[in-house]
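As C-alpha cells, the structure follows; a few thoughts come after it.
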Amino acid sequence: MRSIQRIAASLTLALFLGQAAARALSSGPEHDLQGFRHAVWTAQDGIGAVFDVMQAPGGYLWLTTSKGVLRFDGVRFQTIEEVTNGAVSFNDIFSVFVASNGGVWLTTRTAGLLLWQNGKITPYSDRRCTPTAQFQGIFEGADDSLWIQAATGLAHLKGNVCEQVGPDRGYPGGLPLGIFTDREGSVWVKTPQGAIIVLAKGQTVFQPTGYTTGPSSSMAFLHEAPDGTIWISDALGFHPFKKAGAPPLPPPPGKIAPEGSPFHDFTFGPDGSLWAIGPKSVHRYAPIPPEGIPSATGAPGETFTPKQGLSANVVSKILVDHEGSIWLATNSGLDRLHRTALTTLSLPEADEHDFALAPGDNGSIWVGNESLPLTHVLPGGTTTTYPQASSVISIRRDRSGTIWSAGRGGPNLWRSSGSGLELLHQPKEDTQPVFALAVDRNNDLWITTREGETFQHAGDQWIPRNKDLERKAGNLGAMAGDQAGNVWLAFSRTLALWNGSAFRRFTYPDGALNVSASTMSVRGDHVWLAGRGGVALFTLKDGQGHFSRLLFKNHDLPGRVSGVVETATGDLWINGFSGITHVSAAELTGWLHDPASTVSAERLDALDGLPGLSGERFPEPSVIESASGRLWFATSKGVAWLDPATLEGNRNRLPPPVTISALIVNGRSYPASNALVFPPHTENLEIDYTALSLAIPERVLFRYKLDGVDKDWQDAGTRRQAFYTSLPPGPHRFHVIACNNDGVWNETGADLAFTLQPAFYQTGSFRVIAVLVFAGIVWLLFRLRIRSITHELQGRLAERLAERERIARELHDTLLQSLFGLTLRFQTAAHRLPAGDPTRAALDDVLSQSDKVMREGRERVLSLRGRSGANIDLTEAIAEVGQQLQSLHPAHFEITSDGRPLPLEDLIQEEIVLIVREALVNAFTHSGARTVSATVAYRSHALHLSVIDDGCGIDPAILKAGSRDGHWGLPGMKERAGRIRAELRIGVGPGGGAQVELRVPSSVAYRPVRRARFRWNPFSRGRRPVAPHPVEVSAIVDDPTLSGQHQGG
C-alpha cells in the first residue's frame, strides 16, 4: 500500500511539473503587472520550495514546503514542531491542510492524518484517508467533513469515520482530478474519465452534470467567483462552468490542449479580478472575459514573470488572503503581491535623476529631467518626447494651459505652441539657466536664473526686478503663480507679492518660521512655503500677512521637502527626502483654527509603491495635482501617481488579529495558554506575540501592558517580544494590542494569564511571620526602654530619698538639738525669776514660740524622711489636707475618686500630695472661692488629678510669666511635676476660677506588679544609682512625654 501511495504521489507531482514545463515552452506578449509591491522569501530565509499555502481563520499562513510544514505570520517562520511545542516531529510531517474551524490537519509519512486543534493532537490512522500529494490533496465540505484525493481514489472523512467513495455513491473510481465545494454546500468532482459529477447538499449519491472532456490525466481546478459563477481551469482552458442559479454549461468548443490545461490553479481578487497560474508566469485579468480564456498566450491582461521578480517560473498555488494580498507558492519560495497606493508611470528609459512635472490636458502629464527631454505622456501610456527641450530643470503650466519648460545648456526656454514648442530667448541664457517660472495676470513671464536674478518679460522686453524686490543676487528662493494671476517670490526672509502692477513685501517675523523656502505652491489664499526646514503657511487677511509653521506630532516628519501642494479637497501632500507626507483635510482644518497645535500625518514610501525618494531641489516641482484629482510625485527613480479617492477606498480597515505565541521563561519555551504556573526564582521572562496583518507587516505596531507592573501601555513599535526581569510572585495578566498598516487598532487584542510561584521567603505566611517577629523585636526594645527609664527614675528618687534623710539627720542632730538645748537654758533662766516678774512672762512667751518652732521643725524632719504610703490612700491624704484648710477658711471642699485605686510609689505619692496641697492652699487662700473640688482618676495609662475652684481665677499675666514676684508656689509645683515626669497644666476652669490638672504616667505613678530579673540596662546612659528594688513596669504607657530623658532637677 505504501509503495502504491508513493507511486501515485510521484506520478501526480511529475504530471504537474511536466505540464508546467510544457507550458513554459510557449510564450506570448507580456504586459507587466502594475500597482503591486512584491516581496519574496526563498531558501535564504530557510523555507525551500513551497508546494501549498493556506490561511487559517485566525490569519496565520500555513506552508507545505520541501523542508516540512511551516507557519508564517508575515515576519517569522515557525516549524510545526515549534508550533506544537514538540508534540509532532518536524521530519514526519508531509503536508498541511487548514480547516475553516481552525483545525490543522497534518499528513504524516508514517501515521496517517493528525488533527492539531486547541493544543491537542488527535490521530486518524486509517490510511485510506491519507492524501497522496503535497498540494491540493484535501478539500473541506460544508458539514466540516473532508474530501480527500487518496491513493485509493476518492475518500470521505466525517467525524472519526473514513469512507472509500465508490460506484455505490455515484463515483466511478480512480484518482479525482479536481474537487470543489461551492457556497451552497454542493461538492463537485472531476473524475479521471473527464466527467464532472455533483453531490448536492443533503444528498448521498453523486449525480452527473453532463460536462465531460473525455479521459484525461490533467488536473482540473474549480473556484467560485464573487458573483456566484463557478469557473474551471482544465484542458479546454479557463472558462465558466456554471452560472449562479443555472445548470452547468457544456464544455466550450475547441481543441483540447495536448499538453494539458493552459492554466493551473486560479483565484479571484477582492476587486473581482482573476489571478491565474500560467506558463512560467502569473496572470491577472481585469475585467474577466465572460466567455473565458482558452489560452494564456496572447490573452489580454497583466503578467508577472521571473523577469519582474517572480521567484521561480513554476508556481504551484495562488492564494488571496483576508486583506487582499496575493501569495504565490513556487519551487523556489514564497512570493507576495500587495496592491500599493502608488503606481509607477511607464516612461522612456532615463538616468536616475529627479523629474519635473506639470499637468496636461485630459489626464495627460508632462515630465522631464536631466537625461529625459520634455515628454508628454497620454493616459493610455503613449509618449511624445521633445528632444530640443533637454536637461529639464523646471516645468510649469500657466492659467491658460500653456506649458513652459526651462533647462540647462544655452537657449533652453520653451513654450508649447499648438503641436510643437516655441523657443524664447532670455538675457542670461548663455551663462545662467532658468530655475523657476511663473506667468502673471498680464500674461507676462517671470523667470529666476541660477544666480538668483529675477526678470519680467513684458512685451518684447526683459525687465530686471531684483532692485524693485530689494533682492540680492545669489539667493535662489522659490517662485510660483496662482490662479488669480499673482506671482509670489520667496527669498531670504522675504515673501513678495506681484499683483500685476505693484509689489508687496512681507518679512518673516523671526527665524523660527523661516523654512529656507526652496519650493512653494498656492491654493486660494494659502501660500505654502517649504524647504529643508519644513513647511510654513502664509495667509493674507484684512491686508495683514500671517506666517505659521506647520508642526507635526511625529517629529521625523516631513523631513527635507522638495514639493508641496494643497488639493481641491483640502488635503496637504508633501514630497521629499523622507517620502510622501499626507495631512488630511480634517487635520489641516483643525490646525488652521489653532496654528500652535500639532498635526497627525501619514507617510508613504517604498512600501506603498513609491519608486524612489525626492531629495533634490531641482528639477521642480516634484508634486502636482491634475484636474482629475490624481496626484503625481517625482523621485530619482521615476514618477508615481495615486488617486486619493481610491486610496481611501482601498484602506485596510480590518483590525489585525492579535495572538500570543509563546512564553520563554529562563530560556525554556512554553506554549501560550492561560493558567500557566512557573516555579520560584523565575527571573527572565520573554513573551512572544504577533499580529496577523500580512499586507505590510513592517508597519504593524504594538502596545502591551502587564497588570500590576506597567502603569500604562508600553509602545513597542514593530517589536514582537516583551521582556521582563525579576517579576514579583503571584498572578499576572499580560495584554497586547496592535494596529495594521493603516493605523486601525485592535483594541481587544490578546491577553495571557500566568502565575509565578513564590519562594518560601516571598509567601504571605512568611511575611506575616516576619512582621510579627519585627513587631516582637520592636515591642521588646520598647519594653527595655521603658524599663531603662523606670530604673533611671527610681535611681533618681533613691538619690533624693537618701539626700532628704541626710538633711533630716543633720537637722535633727544639729539645729534641733542645739535649739532644744537653748530652750532648756531659757527655761532654767525663766524658772529662776519670780512668778510675777514681767521678764519671766516674756521669757515664757518666747519659750512657747520656741516650742512651736521645735514642733514645726520635727514635722519638717518627719516630712523629709517620708511617710509610709502603705497605710494611707492618696485620696485620703488629699482629703486630710483639704479638711485642714477648710477649717481655716470659709470655702467648701469636696473630693471624688474615679476608678479602682492602685497602689502608688511612696515618693511619687508624696510629691503628688505636695503639688495638690500647693494648689489647694492657693485656692483656699487667694481665690476667694466658695467651693474647691479635687478629683483623683485612676487610669491604665496614667493617674489624673485636678483641683478646680469657683473663685476669681489666676491673673493671665501670672499664667504667662509662670510665677509672681516673691512667690515660688507655681514654680515649685512645676519643678516637682518635672521631677516625677508628670504633666502639669494650670489654667482657667469651667466656671472662670482656677484649674490645676496633673497627669502622671502609669509607669511612674503605680507600684509594679513583679520584680525585674536584672538591675543593669544597656539602654540607659551609663551607670546610675538604682532603686533598692528595681521593677518591671507592666502597665501600658501611652504618654508621649516619656519618649525623652528627664530634664528636670
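What follows is calculated from the coordinates using simple rules that are stated; it is not laboratory data. Values in this document were obtained by computation on a predicted structure and should not be read as measured data. Here Cβ is always computed from backbone atoms with ideal geometry, including for glycine, and neighbour counts include all displayed protein chains.
Numerical summary
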{"item": "Over the chain: helical MRE at 222 nm, DSSP H runs n ≥ 4 each giving -39500 (n - 2.57), nearest 500", "result": "-6000 deg cm²/dmol"}
{"item": "Percent RCO, i.e. relative contact order, over the chain, from Cα pairs under 8 Å lying at least 6 residues apart", "result": "6 percent"}
{"item": "Restricting the range 301-363 to GluC sites (Glu not before Pro) in coil, as DSSP defines it, with at most 11 other Cβ within 10 Å", "result": "E349"}
{"item": "Fraction of antiparallel bridges per DSSP, the chain only, in percent to nearest 5", "result": "95 percent"}
{"item": "Ellipsoid equivalent to the range 658-762 - semi-axes via the Cα gyration tensor, in Å", "result": "27, 13, 11"}
{"item": "Highest average packing first - 985-993, 371-379, 274-282, Cβ atoms within 10 Å", "result": "274-282, 371-379, 985-993"}
{"item": "Lone cysteines, the chain (no partner Cβ under 4.7 Å)", "result": "C739, C952"}
{"item": "Residues of type aspartates and glutamates that K242 reaches as a straight line, Cα spacing below 16 Å, ignoring anything fewer than 8 places off in the same chain", "result": "D182, E184, E224, D227, D234, E291"}
{"item": "Alpha-carbon centroids, the range 474-529 and the range 60-115: separation in whole Å", "result": "63 Å"}
{"item": "Sequence-distant lysines (8 or more away, or on other chains) whose Cα lies within less than 23 Å of K428", "result": "K467, K472"}
{"item": "Kirkwood-type radius of the chain, with distances r between different C-alpha atoms, in Å", "result": "39.9 Å"}
{"item": "The chain: angle of helix 817-832 to the longest principal axis, Cα-based, in degrees nearest 10", "result": "20 degrees"}
{"item": "Ranked W188, W62, criterion: other C-beta atoms within 10 Å, fewest first", "result": "W62, W188"}
{"item": "Built amide H within the under 5 Å cut-off of G324, gap 5+", "result": "none"}
{"item": "Environment charge at F754 (Cβ cut-off 14 Å; Lys +1, Arg +1, Asp -1, Glu -1)", "result": "-2"}
{"item": "Reachable lysines, given that their alpha-carbon falls under 18 Å from the alpha-carbon of K960 and they are not under 8 places away in the same chain", "result": "K974"}
{"item": "Unsatisfied cross-links (Cα-Cα over 20 Å) in the set K307/K637; K243/K280; K120/K705; K67/K190; K67/K317", "result": "K243/K280; K120/K705; K67/K190"}
{"item": "Antiparallel %, DSSP beta bridges [both residues in the range 508-649], to 5", "result": "95 percent"}
{"item": "The range 612-627-the range 547-570 distance, computed between alpha-carbon centres (Å)", "result": "14 Å"}
{"item": "Cα-centred dipole magnitude for the chain, charges only on beta-carbon of K, R (+1) and D, E (-1), debye, nearest 20", "result": "3440 debye"}
{"item": "Cα centroid separation - the range 131-202 against the range 917-940, whole Å", "result": "114 Å"}
{"item": "Filtered GluC sites (Glu not before Pro), the range 682-788: DSSP coil and at most 14 other beta carbons within 10 Å", "result": "E683"}
